[in-house]
Number of protein chains: 2
Amino acid sequence: MSARTTQLRLARRPQGFPDEHTWEVTETEVPSPAQGQFVVAVDHISLEPAMRGWIRDVRSYWPPVGIGEVMRAHATGTVTESRHSGYAVGDAVSGHFGVAEHALSDGNGVVRIDTGLAGPPTWLGALGLPGMTAWFGLFDVGRIQHGETVVVSGAAGAVGSVVGQLAKARGCRVVGIAGGPKKCAWLKEIGFDEAIDYKAHDPLKQLQEAVPEGIDVFFDNVGGGILDAGLANLRRGARVVICGAVANYNAEKPEGPRRLMSLIVCRASMTGFLVLDYEDRYPEAIEGISEMIHSGRLQARETVVSGGVQAFPEALLGLFRGINTGKLVLEV
Amino acid sequence: MSARTTQLRLARRPQGFPDEHTWEVTETEVPSPAQGQFVVAVDHISLEPAMRGWIRDVRSYWPPVGIGEVMRAHATGTVTESRHSGYAVGDAVSGHFGVAEHALSDGNGVVRIDTGLAGPPTWLGALGLPGMTAWFGLFDVGRIQHGETVVVSGAAGAVGSVVGQLAKARGCRVVGIAGGPKKCAWLKEIGFDEAIDYKAHDPLKQLQEAVPEGIDVFFDNVGGGILDAGLANLRRGARVVICGAVANYNAEKPEGPRRLMSLIVCRASMTGFLVLDYEDRYPEAIEGISEMIHSGRLQARETVVSGGVQAFPEALLGLFRGINTGKLVLEV
């Protein structure tokens with residue numbers, strides 16, 4: 001008799017926010033590896049804003065998750081059975097294992113993680129793709145220089161909190177934009193020079209007061225009105241790094257920034273990027289960030305919710321409501 | 001008894017399109033030059049979309065034109081009286097002479113023009129700031145490469161028509177977006193590979209058909225929905241050059257591009273620039289463009305309207321209605 005295992009599948013493409021009709025929980029047998037494959041027992045699943053894009057039926061950097069397919073997700077886990085020469089039972093790994101208790105893998109895109117260095121949730125956060133995104137977005141796309149003013153939106157999130165700490169370590173003045181006094185207090189705690197609560201007052205005015213010198217690098221995770229507030233406060237030669245636009249992900253008609261003329265007046269640029277393009281250089285970022293974690297110069301924080309794959313739909317909505325400080329992770 | 005001369009002054013800041021209350025025609029004596037000054041009799045005045053910004057009371061690259069001041073304008077003319085060692089009576093010049101029949105100048109920002117090489121209107125067009133804008137926007141900001149696909153909006157305008165011809169000369173495939181069949185026919189005539197009439201059909205769909213390979217460089221003069229159509233058709237690594245956003249210049253609440261996620265998916269950038277930053281290098285562009293005019297590889301075209309400074313208000317509205325093919329110039 002084989003053991004059973006649970007997955008979450010895409011049942012229907014949502015309009016606006018995903019709801020109870022979007023997902024379907026299914027049960028199968030735990031898969032058996034063919035030659036060159038191994039099985040992973042998933043322990044933590046990453047929740048990320050980009051997931052809303054993955055279930056949208058449009059051309060993007062990845063094909064959309066198909067109806068009936070297991071929802072795509074980064075996750076960590078342990079190898080429980082292996083017919084792959086590179087992976088042995090007991091190995092701790094991360095990869096695209098999906099929203100599932102068990103996954104079959106051929107090792108493609110799988111990374112071995114050192115759980116002695118940091119727990120699995122951190123390998124989905126500061127030492128995972130969010131950390132890589134912060135590193136390459138800030139250094140390669142934003143090209144920050146010592147002494148510059150850096151503003152980051154979604155600052156208390158998985159990417160933003162690393163962005164701010166990396167920029168501080170490089171000698172920048174750092175202002176974070178986040179939602180709510182608790183998140184803002186945390187930002188000050190981890191070294192941000194200023195924290196703006198966009199829910200409390202008009203972010204545009206707050207930003208004007210916080211950066212009278214103007215912004216050199218605006219690292220945007222949010223889009224919409226927050227991006228406009230940034231554009232209104234650029235300094236000459238500013239770089240706007242477009243990392244995400246979470247404000248628009250559930251909108252059927254996203255709102256664009258109205259202040260594009262700032263790009264002309266400030267001779268500024270706005271650049272999008274995908275962390276996947278930097279895959280060859282992840283080791284450089286992992287080394288840099290783990291060194292900072294160990295020396296206490298970077299705080300890696302995660303919000304871990306429990307409930308297993310069945311709890312994924314609610315956790316994803318929580319992400320868009322901003323329940324998390326740092327990386328949001330689902331424990332399986 | 002001194003001679004009289006006419007100017008057009010800003011009387012009131014408009015909401016939306018400028019109207020009859022915006023301007024005031026005044027008459028003064030023809031000015032007399034002090035030591036180090038000279039007087040220019042203006043013959044042609046440039047009309048440009050940026051003028052709408054110059055009369056807006058906001059921080060920009062130049063201070064706004066003040067109420068009661070002569071309207072700022074580039075113009076050409078002839079020196080009629082001089083106490084400046086560098087300029088003699090009869091010299092043909094261009095500069096910021098304003099919407100006026102006569103201007104007093106100390107030579108600051110004044111360029112000597114060779115009317116044997118091309119008539120004064122061309123010195124406000126392909127050999128003036130629009131030509132410089134096309135040159136540096138395309139080569140320095142857009143960094144076009146041989147064989148790339150270049151799309152330009154406002155393609156039949158002063159800047160766009162030069163952009164397209166320069167890109168063709170560098171071996172690019174060039175698609176222009178313009179309003180109306182006459183302009184589109186002219187674009188084909190001057191060598192554009194395709195011309196899209198945005199008034200005839202949905203520009204987004206037309207663009208999809210015209211550039212199945214995707215856009216490498218989108219040179220945007222228009223903004224709004226046209227910019228969105230461009231963003232929807234970018235190729236990986238695309239550069240969007242933000243030169244202007246004429247669709248928004250008279251709007252109190254400009255519309256932003258909704259498809260910013262394309263910047264992420266395509267790892268693309270959007271960059272604003274001001275031609276003024278390239279002033280030191282104008283001679284390089286003037287040399288390149290005049291050589292092309294003379295060898296017949298670039299057609300410089302102007303639409304010249306008459307009526308003198310009194311006709312400026314109507315001519316400016318005409319610019320926003322798109323009455324011009326090539327550069328719009330007012331004859332004094």
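The values are calculated or read from the model by the stated rules, or taken from the named source; none is laboratory data. The structure displayed is predicted, hence computed values, not measured ones. Quick reminder, even Gly has a Cβ in these numbers, built from the backbone with ideal geometry, and neighbours come from all protein chains shown. With ligands, DNA and RNA removed, areas are computed over all heavy atoms of the protein, side chains included. Shrake-Rupley method; radii C 1.70, N 1.55, O 1.52, S 1.80 Å.
Once segment B:269-287 is narrowed to residues that are within 14 Å of another protein chain (Cβ to nearest Cβ) and surrounded by fewer than 16 Cβ atoms within 10 Å (Cβ to Cβ), the residue that is nearest to A:Arg239 (Cα to Cα) is B:Asp277. The set of residues in segment B:132-187 being in contact with a helix residue (DSSP H, G or I) (Cβ under 6 Å, 6 or more places away or on another chain) and within 13 Å of B:Asn324 (Cα to Cα) consists of B:Gly154, B:Ala155, B:Ala156, B:Ala158, B:Val159, B:Ala178.
Note on segment B:133-165: residues that are in contact with a Phe, Trp or Tyr (Cβ under 9 Å, 6 or more places away or on another chain) and of a type in the set (Asp, Glu) total 1.
Exactly one residue among B:Ile190, B:Ile264 is surrounded by fewer than 24 Cβ atoms within 10 Å (Cβ to Cβ) and either basic (Lys, Arg) or under 24 Å from A:Leu274 (Cβ atoms) (or both), and that residue is B:Ile264. Here B:Ala195, B:Ala185 are screened, and the one residue that is part of a helix (DSSP H, G or I) and small (Gly, Ala, Ser) is B:Ala185.
For segment B:261-275, give me each residue that is of a type in the set (A, V, I, L, M, F, W, C) and either closer than 23 Å to A:Trp62 by Cα or outside any helix (DSSP H, G or I) (or both). Selection gives B:Met261, B:Leu263, B:Ile264, B:Val265, B:Cys266, B:Ala268, B:Met270, B:Phe273, B:Leu274. Per this entry, B:Val240 is not counted among residues that are of a type outside the set (S, T, N, Q), touching a Gly at 6+ places or on another chain (Cβ under 7 Å), open to solvent by 30 Å² or more (accessible area, probe 1.4 Å) and at negative phi.
Checking each residue in segment B:1-40 for being over 15 Å from B:Val99 (Cα atoms), in a strand (DSSP E or B) and either open to solvent by less than 30 Å² (accessible area, probe 1.4 Å) or in contact with a helix residue (DSSP H, G or I) (Cβ under 9 Å, 6 or more places away or on another chain) (or both) picks out only B:Phe38. Go through the residues of segment A:102-125 one by one and say whether even a single one is modelled with pLDDT of 95 or more, within 25 Å of A:Thr26 (Cβ to Cβ) and within 17 Å of the chain's Cα centre (by Cα). Yes, segment A:102-125 has at least one match. Among the residues of segment A:244-264, those that are farther than 30 Å from A:Phe17 by Cβ and touching a residue at least 24 places away in the same chain (Cβ under 8 Å) comprise A:Ser262, A:Leu263.
Yes or no, residue by residue, for (1) assigned to a loop (DSSP other than H, G, I, E, B); (2) open to solvent by less than 20 Å² (accessible area, probe 1.4 Å); (3) within 9 Å of another protein chain (Cβ to nearest Cβ); (4) in contact with a helix residue (DSSP H, G or I) (Cβ under 9 Å, 6 or more places away or on another chain):
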| position | (1), (2), (3), (4) |
| --- | --- |
| B:Gly225 | no, no, no, yes |
| B:Gly230 | no, yes, no, yes |
| B:Arg236 | no, no, no, yes |
| B:Glu252 | yes, no, no, no |
| B:Gly256 | yes, yes, yes, yes |
| B:Arg259 | yes, no, yes, yes |
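Kindly provide the set of residues from segment B:73-89 that are polar (S, T, N, Q) and under 30 Å from B:Leu316 (Cα atoms), ordered by number. Once the filter is applied, which keeps residues that are polar (S, T, N, Q) and under 30 Å from B:Leu316 (Cα atoms), segment B:73-89 yields B:Thr76, B:Thr78, B:Thr80. All told, A:Ile55 falls short of being open to solvent by less than 10 Å² (accessible area, probe 1.4 Å), more than 14 Å from chain B (Cβ to nearest Cβ) and within 18 Å of A:Ser105 (Cα to Cα). Against the list (1) of a type in the set (Gly, Ala, Ser); (2) modelled with pLDDT of 95 or more; (3) not in a helix (DSSP H, G or I), the condition A:Gly244 fails is (2).
Just wondering, is there one or more residues in segment B:58-75 that are in contact (Cβ under 8 Å) with a residue 24 or more places away in the chain and within 28 Å of B:Ser295 (Cα to Cα)? Yes: segment B:58-75 contains one or more residues that are in contact (Cβ under 8 Å) with a residue 24 or more places away in the chain and within 28 Å of B:Ser295 (Cα to Cα).
In segment A:148-177, of all residues being touching a residue at least 60 places away in the same chain (Cβ under 8 Å) and in a strand (DSSP E or B), the one that is surrounded by the fewest Cβ atoms within 10 Å (Cβ to Cβ) corresponds to A:Thr149. The one condition from (1) farther than 21 Å from B:Leu47 by Cα; (2) away from chain A (no Cβ under 13 Å); (3) open to solvent by 20 Å² or more (accessible area, probe 1.4 Å); (4) at pLDDT 95 or above that B:Ser290 does not meet is (3). Scanning segment B:257-277 for residues that are on the phi < 0 side of the Ramachandran plot and touching an Asp or Glu at 6+ places or on another chain (Cβ under 7 Å) yields B:Pro257, B:Arg258, B:Arg259. Does segment A:293-311 hold any residues that are assigned to a helix (DSSP H, G or I), open to solvent by 30 Å² or more (accessible area, probe 1.4 Å) and within 17 Å of A:Pro120 (Cβ to Cβ), and which are they? Passing the criteria: only A:Ile293.
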